[in-house]
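Structure first, then comments.
The values are calculated or read from the model by the stated rules, or taken from the named source; none is laboratory data. Treat the numbers as computed from the prediction; the structure is a model and nothing was measured. A quick note on method: Cβ atoms are made from the backbone with ideal geometry, for glycine too, and the neighbour counts reach across all protein chains shown.
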Amino acid sequence: MTNGDERAVLPELLLAGLEAVLFAADEPVPIRRMVRALERYKLDLIEAGLKELRRRYNGASRGVELVELGGGWQLFTKRPFVRAIERALGPQSRIRTRLSNAALETLAIVAYRQPVTRGEIEAVRGVDCSGTLTSLQEHKLIEVTGRAESPGRPHLYGTTEDFLNYFGLRHLGELPPPEQELLDLETARGGVRVAVDGPAGSGKSTVARLAATRLGLVYVDTGAIYRALTWLAQGEGVDFDDPAVLVETAREAELVLEAEGGATRLRLNGKRVGAEIRTPEVTAAIRHLADLPPIRDRVNALVRRAAEELPGGVIVEGRDTGSLLFPDTPYKLYLTASVQERARRRLEQEKARGRGGSLPEIEERILERDKADTTRTYGALQKMPEALVIDTDGLTIQEVVEAVVEAVRRRRAEIEGEPEPESTADEDARGGVESDGEAAEAEGSASQTPQGEES
């Protein structure tokens, strides 16, 4: 086997070994020490591996840089990221908590990026964090929330209820905005995030799926995650009036999002979910889980992680995607329609399924749902001031898809080449609408969300 062939077969094993040596060192590491530590690899291959690591780390989206100095190689945290992490929780937090700088830096990364692996934390801090992570776990500020679907299945870390109490927060949505450098890093780690919010029946689901295809993005069905957790709780006989048990059930569940055909499919405890999560029984009970802040935080963290790992970017629809899930994305849309229009669509949907109902009754239910969605204590439906409003009344699916695609492309062009335009908060873009017949056809797929999804 030639060196070139070996690089093609084993580059990640080599790079992982080099990273382990570099992260564990607090001084420049001579190449001869790396050769001894990684004895299976020859000198020229190790040199090539160091050059590849330097190329990866020195990119704008990474928090560390690999530098050759003093006859060796060493990782350094870039100054902009040091400043961002140091300011993320503010100087008063240091005084009040008496945590070390290293602990606060690590805690800030976990809080803003959870779930996150030790390797990802160390890629930003540039030092071995095993001792700091152990200390934070002993203080019950962070905990292991699962394992990553990557080689070695490393632990995933997240914050605890004690963390919220420690900093006087009711939920993660009250975390102060991190510094811009940290936001820039977060944005650079993945692609475009398109957040589509709006009331039930406004046409979000079908439009988001079709727009994802046009834009080359992956459609993430957040509603399927809440449905799967509800279905799991029902199967385990969980008491839906006991929030603590529901939260524990959700935390213990193994959730994995996989991209397939421009959308995500969900694996629950190793098995793909399908039509079983689309039953009326699940629909009736989903609100018990979807309204609990710890569960919404878990689902949002899962979607954020998928957005980082999926190529190109994602489009997500729901009621809090622009406010809680991706609050910093510049791609925010709000689809709306009148109560009368949404009731008309729902009535057609019910008729197509062989069910009864009258227009006044459905209008009353929609008004009740709107009131519930907009007054929830956490994850309430709201139109963000910077979101582009698309009125879907009486319009075709294709028209609203075109409006969404054009809005995203125009915003991307503004970001990449021109100054930001004035706020579009008061604009009404004419677009298309999700037909109820198509929503009904989508019921059988876990990668599609029916109208009225409790997300």
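Read through the list (1) among the small types (Gly, Ala, Ser); (2) more than 30 Å from THR396 (Cα to Cα); (3) surrounded by fewer than 19 Cβ atoms within 10 Å (Cβ to Cβ), then give the number of the only condition that GLY216 fails.
(2)
Regarding ALA307, is this residue over 22 Å from ALA211 (Cβ atoms) and either in a loop (DSSP other than H, G, I, E, B) or hydrophobic (A, V, I, L, M, F, W, C) (or both)? Reasoning before the result, please.
Values: over 22 Å from ALA211 (Cβ atoms): no; either in a loop (DSSP other than H, G, I, E, B) or hydrophobic (A, V, I, L, M, F, W, C) (or both): yes.
So ALA307 does not fit the description; no.
What are the residues in segment 250-275 that are touching a residue at least 60 places away in the same chain (Cβ under 8 Å), of a type in the set (D, E, K, R) and within 26 Å of GLY216 (Cβ to Cβ), if any?
GLU260, ARG265, ARG272, listed by residue number.
Among the residues of segment 318-355, write down those that are buried (at least 19 other Cβ atoms within 10 Å of the Cβ) and of a type in the set (Gly, Ala, Ser).
Those that are buried (at least 19 other Cβ atoms within 10 Å of the Cβ) and of a type in the set (Gly, Ala, Ser): GLY318, GLY322, SER323, ALA337, ALA343.
Being charged (D, E, K, R), in a loop (DSSP other than H, G, I, E, B) and at pLDDT 70 or above narrows it down to one residue among ARG365, ARG376, ARG409, ARG346; which is it?
Details: ARG365 fails: in a loop (DSSP other than H, G, I, E, B); ARG409 fails: in a loop (DSSP other than H, G, I, E, B); ARG346 fails: in a loop (DSSP other than H, G, I, E, B).
Only one candidate passes the filter, namely ARG376.
Yes or no, residue by residue, for (1) part of a helix (DSSP H, G or I); (2) under 16 Å from the mean Cα position of the chain (by Cα); (3) among the hydroxyl-bearing types (Ser, Thr, Tyr); (4) crowded, with 23+ Cβ neighbours inside 10 Å:
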{"residue": "THR264", "(1), (2), (3), (4)": "no, yes, yes, yes"}
{"residue": "GLU276", "(1), (2), (3), (4)": "yes, no, no, no"}
{"residue": "ARG296", "(1), (2), (3), (4)": "yes, yes, no, yes"}
{"residue": "ASN300", "(1), (2), (3), (4)": "yes, yes, no, yes"}
{"residue": "VAL316", "(1), (2), (3), (4)": "no, yes, no, yes"}
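When you look at LEU359, is it out of contact with any Gly (no Cβ under 6 Å at 6 or more places or on another chain), under 19 Å from TYR219 (Cα atoms) and in the same structural domain as ARG409 (by TED's automatic domain parsing), yes or no?
no
Given the conditions (1) modelled with pLDDT under 90; (2) assigned to a loop (DSSP other than H, G, I, E, B), report the number of the one that LYS351 does not fulfil.
Unmet condition: (2).
So, in segment 57-74, of the ones that are surrounded by 14 or more Cβ atoms within 10 Å (Cβ to Cβ) and at pLDDT 70 or above, which residue ends up farthest from CYS129 (Cα to Cα)? Let's see the steps before the verdict.
Taking segment 57-74 and keeping what is surrounded by 14 or more Cβ atoms within 10 Å (Cβ to Cβ), we get 57, 62-67, 72-74.
Checking the rest, the ones that are also at pLDDT 70 or above come to 57, 65-67, 72-74.
Working: TYR57: 18, GLU65: 17, LEU66: 18, VAL67: 20, GLY72: 22, TRP73: 19, GLN74: 16 Å.
This residue is GLY72.
Here's a check for you: in segment 177-199, which residue that is at pLDDT 85 or above and of a type in the set (Gly, Ala, Ser) is nearest to LEU333 (Cα to Cα)? I'd like the intermediate steps shown before the answer.
Filtering segment 177-199 for residues at pLDDT 85 or above gives 193-199.
Retained after the next criterion (residues that are of a type in the set (Gly, Ala, Ser)): 195, 198.
Details: ALA195: 6, GLY198: 8 Å.
Residue satisfying both the conditions and the ranking: ALA195.
Pick from segment 378-399 the residues that are in contact with a helix residue (DSSP H, G or I) (Cβ under 8 Å, 6 or more places away or on another chain) and among the β-branched types (Val, Ile, Thr): which of them is surrounded by the fewest Cβ atoms within 10 Å (Cβ to Cβ)?
Top of the filtered list is ILE397.
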